[in-house]
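To keep things clear, I will list the structure first and then write my remarks on it.
The values are calculated or read from the model by the stated rules, or taken from the named source; none is laboratory data. No experiment lies behind these values; they were computed from the predicted model shown. Ideal geometry is used to build each Cβ from the backbone, glycine not excepted, and the neighbour counts take in all protein chains shown. Surface accessibility is based on the protein's heavy atoms, side chains included, excluding ligands, DNA and RNA. Shrake-Rupley method; radii C 1.70, N 1.55, O 1.52, S 1.80 Å.
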Amino acid sequence: MRPDFGWGLDELFKEIRGKVFGVLNGLDYKEFNPSSDKLIKRNFNQTFDLILNFKDLDLKKNNLDVFLTLPNSKGKSVKICGIVGDELEKQAKECCDEVILNTDLKKYSDKKLIKKISKNYDFFIAQANLMGQVASVFGRTLGPLGKMPNPKFGGVLLPNSSIKSVVEKLK
């Protein structure tokens, strides 16, 4: 160790040489790996951005709005809430984590209850003929969160469709 790199701490480092270990200008990942250390608190959700450049595509003329299905799961279990009528009630109770029937939509007039349910579920699927009611009850909360049922990812169901295939696709 050179004195000019320790800013006068070279005597202290000589005393504790056997007690301290490390790698200059970095971490020894065999001894300490911060990504797997359970004592380090992480206050963020890890995300990534995907940037695609398209040749010969004018976005001013052609609107591009795409939902991608990734080949692997997110690593955590996905919770799905189904908003359906009597026709799909039985299927929804088998597949979804919670089912809200069209007759129960009147109960969700309280904003706190709507916010609570929107935080508990990752996806919301709804029957197509109920979308007007769903939009009026849940739209102000689910819309800004990006959780409003959307036909582009299969979140809006016809009364005779299969819920199981949509739920499997979302998970």
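Looking at region 96-106, can you tell me whether even one residue there is touching a residue at least 40 places away in the same chain (Cβ under 8 Å) and either at negative phi or assigned to a strand (DSSP E or B) (or both)?
yes
With the requirement that a residue be more than 18 Å from Cys96 (Cα to Cα) and of a type in the set (Val, Ile, Thr), what does region 108-148 give you?
Matches in region 108-148: Val137, Thr141.
Condition check ((1) over 15 Å from Cys81 (Cα atoms); (2) basic (Lys, Arg)) across all residues:
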| position | (1), (2) |
| --- | --- |
| Phe123 | no, no |
| Ser136 | yes, no |
| Thr141 | no, no |
| Gly146 | no, no |
| Pro151 | yes, no |
| Gly155 | no, no |
| Asn160 | yes, no |
| Lys164 | no, yes |
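Scan Leu52, Leu24, Leu57 and give me the residue that is at pLDDT 70 or above and open to solvent by 100 Å² or more (accessible area, probe 1.4 Å).
Leu52
Pairs please, first residue from region 139-167 and on the phi > 0 side of the Ramachandran plot, second anywhere and open to solvent by 70 Å² or more (accessible area, probe 1.4 Å), Cβ atoms under 9 Å, 6+ apart in sequence or on different chains.
Every condition considered, the pairs that remain are Gly154/Phe67; Gly154/Lys169.
Out of all the residues in region 152-171, which are touching a helix residue (DSSP H, G or I) at 6+ places or on another chain (Cβ under 8 Å), more than 17 Å from Val78 (Cβ to Cβ) and loosely packed, with under 14 Cβ neighbours inside 10 Å?
Within region 152-171, Leu158, Pro159, Asn160, Ser162 qualify.
Considering every residue within region 68-79, establish whether at least one is modelled with pLDDT of 85 or more and open to solvent by less than 70 Å² (accessible area, probe 1.4 Å).
No.
Regarding region 121-139, can at least one residue be identified that is open to solvent by 100 Å² or more (accessible area, probe 1.4 Å) and of a type in the set (D, E, K, R)?
no
Against the condition touching a Pro at 6+ places or on another chain (Cβ under 8 Å) and not charged (D, E, K, R), how does Gly155 come out, does it pass?
Against the criterion (touching a Pro at 6+ places or on another chain (Cβ under 8 Å) and not charged (D, E, K, R)), Gly155 qualifies.
Please find, within region 140-151, the residue that is farthest from the chain's Cα centre (by Cα) out of those that are open to solvent by 70 Å² or more (accessible area, probe 1.4 Å) and more than 21 Å from Glu168 (Cα to Cα).
Residue satisfying both the conditions and the ranking: Arg140.
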